[in-house]
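Trainee: Before we start, here is the structure in question, set down as structure tokens.
The values are calculated or read from the model by the stated rules, or taken from the named source; none is laboratory data. Predicted model only: the values in this text are computed from it and were never measured. Here the Cβ positions follow ideal geometry from the backbone for every residue, glycine too, while neighbour counts run over all protein chains shown.
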């Protein structure tokens with residue numbers, strides 16, 4: 001069984017309370033106890049929570065697999081810039097080689113920084129720092145970029161050492177699955193959080209595909225508000241040179257579709273919804289290594305479409321091949337439309353947090 005097949009099987013187990021999930025339920029209770037104990041340690045001050053002199057927005061999910069965090073981060077960056085903020089992003093950099101602090105540049109590879117931080121930096125151009133400890137990454141960000149007056153912590157809901165001013169929990173159509181914690185269910189932490197939990201998110205963002213009705217929102221934490229975000233594929237594909245081609249021009253071709261994401265089948269379905277014909281679908285593991293794309297590149301006559309997350313690795317791999325030995329490679333960006341009511345509610349919360357002075361010290365302390 002391949003890793004994508006195994007991931008799909010686990011997703012099926014976590015969707016309902018069948019016999020396999022029931023067998024794993026006792027282990028999920030051990031996991032729950034550990035998660036609750038850890039949250040209490042931070043909530044009671046036994047373990048330190050460091051608050052920074054700029055607002056921190058945490059974007060993450062409480063379920064296993066991608067629920068749309070990265071598109072949400074990039075859509076937030078575009079909105080925040082339009083409101084006069086200068087955001088920076090800190091991330092763990094899942095799947096990268098090494099744990100050292102690293103600020104991304106245009107030459108940074110996905111192997112060095114992780115595919116999602118690399119995509120965020122290349123798409124938005126904002127400063128991005130990756131590190132095992134987000135607090136250290138945040139300090140490094142503020143020291144290197146005094147113009148940054150707001151931090152977005154990508155995939156940071158479970159990283160409690162970095163204080164947050166606003167937390168956004170992202171869900172997709174799976175919602176909370178069978179409602180149980182790992183390994184019996186999808187959940188990485190108990191949901192909804194208990195009333196009074198200081199790490200409880202203020203916003204819940206339920207993502208829906210433009211061609212599908214919105215799922216019912218999951219149960220909400222006390223005081224939280226839910227909104228819907230709509231995602232769709234862009235109307236054109238883009239190659240490594242930045243050239244664009246309408247998807248309608250690809251509709252008459254047989255395509256090889258590649259997706260190394262948590263749920264590859266969703267990308268394939270979205271392509272078919274656009275009228276594209278997929279002769280072959282290559283489902284790779286989430287955060288697949290660059291070597292996993294070698295088989296795709298071995299067919300120079302093929303026309304390949306992939307996600308933007310895959311493109312940061314696949315395009316780089318193709319550059320090492322002779323021009324005549326490369327397949328025709330195209331990425332189809334994902335567009336996310338955030339609810340205007342959500343953006344207004346976010347802006348209201350941020351208005352009282354806008355720093356009035358700059359940052360001067362390498363520790364990120366505000367100066368009078």
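The rows are residues; the columns are (1) at pLDDT below 95; (2) farther than 19 Å from residue 200 by Cβ; (3) out of contact with any strand residue (DSSP E or B) (no Cβ under 9 Å at 6 or more places or on another chain); (4) not assigned by TED's automatic domain parsing to the domain that holds residue 174.
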position: 8; (1), (2), (3), (4): yes, yes, no, no
position: 12; (1), (2), (3), (4): yes, yes, yes, no
position: 23; (1), (2), (3), (4): no, yes, yes, no
position: 26; (1), (2), (3), (4): no, yes, yes, no
position: 29; (1), (2), (3), (4): no, yes, no, no
position: 39; (1), (2), (3), (4): no, no, yes, no
position: 43; (1), (2), (3), (4): no, no, yes, no
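Trainee: If you check residue 139 against the conditions, is it in the same structural domain as residue 165 (by TED's automatic domain parsing), surrounded by 14 or more Cβ atoms within 10 Å (Cβ to Cβ), farther than 22 Å from residue 202 by Cβ and modelled with pLDDT of 95 or more?
Mentor: Working: in the same structural domain as residue 165 (by TED's automatic domain parsing): no; surrounded by 14 or more Cβ atoms within 10 Å (Cβ to Cβ): yes; farther than 22 Å from residue 202 by Cβ: yes; modelled with pLDDT of 95 or more: yes.
No: the conditions fail for residue 139.
Trainee: So which of 116, 50 ends up being in contact with a helix residue (DSSP H, G or I) (Cβ under 7 Å, 6 or more places away or on another chain) and under 19 Å from residue 170 (Cβ atoms)?
Mentor: Numbers: 50 fails: under 19 Å from residue 170 (Cβ atoms).
Exactly one residue qualifies, and that residue is 116.
Trainee: Hey, another quick one. Taking the stretch 114-135 on its own, how many of its residues are within 18 Å of residue 79 (Cα to Cα) and in a strand (DSSP E or B)?
Mentor: Filtering the stretch 114-135 for residues within 18 Å of residue 79 (Cα to Cα) gives 119-128.
With in a strand (DSSP E or B) added as a condition, the list becomes 128.
So the count comes out to 1.
Trainee: Which one is surrounded by the most Cβ atoms within 10 Å (Cβ to Cβ), of the residues in the stretch 3-26 that are assigned to a helix (DSSP H, G or I) and more than 25 Å from the chain's Cα centre (by Cα)?
Mentor: The initial filter retains those residues of the stretch 3-26 that are assigned to a helix (DSSP H, G or I), namely 3-14, 19-26.
Within this subset, residues satisfying the condition of being more than 25 Å from the chain's Cα centre (by Cα) are 19-26.
Numbers: 19: 8, 20: 14, 21: 20, 22: 12, 23: 12, 24: 18, 25: 15, 26: 9.
That would be 21.
Trainee: When residues of the stretch 101-113 are filtered for being surrounded by fewer than 20 Cβ atoms within 10 Å (Cβ to Cβ), in a loop (DSSP other than H, G, I, E, B) and in contact with a strand residue (DSSP E or B) (Cβ under 9 Å, 6 or more places away or on another chain), how many remain?
Mentor: Of all residues in the stretch 101-113, those surrounded by fewer than 20 Cβ atoms within 10 Å (Cβ to Cβ) come to 101, 103, 105-107, 109, 111-112.
If we keep only those that are in a loop (DSSP other than H, G, I, E, B) as well, we get 101, 105-107, 109.
So of that shortlist, the ones also in contact with a strand residue (DSSP E or B) (Cβ under 9 Å, 6 or more places away or on another chain) come out as 101.
The number of residues fulfilling the criteria is 1.
Trainee: Here's something else I'd like to know. Which residue out of 329, 276, 297, 271 is under 21 Å from residue 7 (Cβ atoms), touching a residue at least 12 places away in the same chain (Cβ under 8 Å) and either in contact with a strand residue (DSSP E or B) (Cβ under 7 Å, 6 or more places away or on another chain) or surrounded by 17 or more Cβ atoms within 10 Å (Cβ to Cβ) (or both)?
Mentor: Working: 329 fails: under 21 Å from residue 7 (Cβ atoms); 276 fails: under 21 Å from residue 7 (Cβ atoms); 297 fails: under 21 Å from residue 7 (Cβ atoms).
The match here is 271.
Trainee: When the residues of the stretch 142-158 are filtered to those that are surrounded by fewer than 18 Cβ atoms within 10 Å (Cβ to Cβ) and touching a residue at least 60 places away in the same chain (Cβ under 8 Å), which remaining residue is farthest from residue 348 (Cα to Cα)?
Mentor: 143
Trainee: Do you know which of the residues in the stretch 317-343 that are part of a loop (DSSP other than H, G, I, E, B) and within 21 Å of the chain's Cα centre (by Cα) is farthest from residue 228 (Cα to Cα)? Don't jump to the end; show me each part of the working.
Mentor: The initial filter retains those residues of the stretch 317-343 that are part of a loop (DSSP other than H, G, I, E, B), namely 320-322, 326-327, 332-333, 339.
Pick out the ones that are also within 21 Å of the chain's Cα centre (by Cα) and you get 332-333, 339.
Details: 332: 22, 333: 20, 339: 6 Å.
The selected residue is 332.
Trainee: Now for a different question. Checking residue 153 against (1) part of a helix (DSSP H, G or I); (2) within 14 Å of the chain's Cα centre (by Cα): exactly one of these is not met. Which one?
Mentor: The one condition residue 153 does not meet is (1).
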